[in-house]
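Working notes for the structure below.
The values are calculated or read from the model by the stated rules, or taken from the named source; none is laboratory data. The structure presented is a predicted model; accordingly, all values stated were derived computationally and were not measured. Note: ideal-geometry Cβ built from the backbone for every residue, glycine included; neighbour counts use all protein chains shown.
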Amino acid sequence: MIQTLLATPLTALGIILLAGALLGDATERIKVPWITGCIVAGIVLGPQVGGVFGTPDLAALDGFAQASLAVIAFNIGCQLSLPKLKAVGRSTAILAVAQLLAPLLLVLGAEPLIGLSIPAALLMAGVAPATAPTTTYSVIRRREATGLFVDRALGILAINDAATVLIFSVASAATVATLGAQSSGALIGDSLRAALLNEALSVGAGLVLGAAYLLLRRLIEDGTPGWQPRLTATLFGLLLLGIGAAIAFRLSHLLVPLSFGVVIANGAEEAERARAQSLVKALEEPLFIIFFVIAGAHLPLDAALHAAILLGACVYLAARFAGKYGAVFLGASLLRLDSPTRRYLGLCFPSQGGLAIGLVLALNGSPAVHALPPAAAAIVEQAISVVLVGVLLSQVAGPVVIDWAVRRGVASQAAEARTAAA
């Protein structure tokens, strides 16, 4: 009976949306981010617990996960306007870059020490900078926290995920190229150059789509009845065209919409940019629920019981956390920033969530990985399992650490301000 219902993708999506919405609402009521509820719903529905969705069912829904991640990338791009980046401030920008690079380097150096291959370590290092911005935003919103400490945390988040998409796109392309070219150094070099060209073409395609939208907007926005719905259809049409073309021509389905969003952020007026974001926002919430439930169903609970995977995940989390915290602490110290920033700001980014899950799952479902020989594909699968178990562990402890860091950072900074004013 259930399998007959699930044979229709629309029924499966209905179950996913209902389960994600209800459990997401339940977790919010107990002061836990709704994303956690969606992930729990996916675990319960997935093949390792409830068995409602089997592995073939999840594979059939991977297209929705890729579309959801593309929407995330588009929204990130829409926020990257030059005035906004300038407003972040020089010190925050330096801290953002430092906490991006440090975990990448530490994970890349630590994982081979426990026996993992260099390509697997490179893949994990590429996703290590990713954070769970929704978790941090939720904590800040719940605490109604404001002030310089919060502004710096949000500034770092604004830069972090956009840069992570770029970093992972390059790292994953280099990894797949290296694994696919196993004969000579020259062939590997050619493959890496081809991968970089692919990234450049992806950015170029996104820029072209953005320019096309700005041009078509001028033609459609003429005040005639119904122009707004037509402009909405144009935006969605170009976004879907970009995602579909990226998949068909094996471009990055992250960089294409990201670049598209950047053009809108910098080529449209504030009102138009806000309108574009609001149009996508009406679609993104259901997509996000679908995305996080599918992501939860993919989490390898059995792999968490595997000693090598669990060890790799623990090393991954430790190296990532040390990189994030150490980079912010040392950077803030060198910049002579206030004590709360030095001591607590680096603790605001321990969690990984939707972006990290989406990046590795999208890679796992890509044609490039499917074309790898079995031994090479096994290396990618191992790296993805380590990352997913790491995400699972970070979702348990991360929100508690972030909540404590925000409370301590805001309170300490307020106390320093009172002391300076006295």
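May I ask you to verify whether Ala397 is within 23 Å of the chain's Cα centre (by Cα), more than 18 Å from Gly155 (Cα to Cα) and part of a helix (DSSP H, G or I)?
Against the criterion (within 23 Å of the chain's Cα centre (by Cα), more than 18 Å from Gly155 (Cα to Cα) and part of a helix (DSSP H, G or I)), Ala397 qualifies.
Are there any pairs, at least 6 apart or on different chains, whose C-beta atoms fall under 7 Å, with the first in the range 317-343 and without any contact (Cβ under 8 Å) to a residue 12 or more places away in the chain and the second of a type in the set (Lys, Arg) and crowded, with 16+ Cβ neighbours inside 10 Å, and if so, which?
Between residues of the range 317-343 that are without any contact (Cβ under 8 Å) to a residue 12 or more places away in the chain and residues that are of a type in the set (Lys, Arg) and crowded, with 16+ Cβ neighbours inside 10 Å, the close pairs are Ser333/Arg342.
Restricting the search to the range 402-422, which residues are over 21 Å from Gly296 (Cβ atoms) and either charged (D, E, K, R) or surrounded by 17 or more Cβ atoms within 10 Å (Cβ to Cβ) (or both)?
Scanning the range 402-422 gives Asp403, Ala405, Val406, Arg407, Arg408, Gly409, Val410, Ser412, Gln413, Glu416, Arg418.
Identify the residue in the range 133-144 that is touching a residue at least 12 places away in the same chain (Cβ under 8 Å) and surrounded by fewer than 23 Cβ atoms within 10 Å (Cβ to Cβ) and, among all such residues, is nearest to Ala376 (Cα to Cα).
It comes out as Pro133.
Does the range 266-281 contain any residue that is free of Cβ contacts under 8 Å to residues at least 60 places away in the same chain, assigned to a helix (DSSP H, G or I) and farther than 19 Å from Cys78 by Cα?
no
Quick one: how many residues across the range 122-132 are in contact (Cβ under 8 Å) with a residue 60 or more places away in the chain and surrounded by fewer than 24 Cβ atoms within 10 Å (Cβ to Cβ)?
Number satisfying all stated conditions: 0.
In the range 325-355, which residues are assigned to a helix (DSSP H, G or I) and modelled with pLDDT under 85?
The answer is Gly354, Leu355.
So how many residues does the range 97-155 have that are under 22 Å from the mean Cα position of the chain (by Cα) and either at positive phi or outside any helix (DSSP H, G or I) (or both)?
Residues meeting the conditions: 5.
Filter the range 38-82 for residues that are of a type in the set (A, V, I, L, M), within 13 Å of Ile16 (Cβ to Cβ) and either in contact with a His (Cβ under 6 Å, 6 or more places away or on another chain) or part of a loop (DSSP other than H, G, I, E, B) (or both) and give the result.
Scanning the range 38-82 gives Val52, Leu61.
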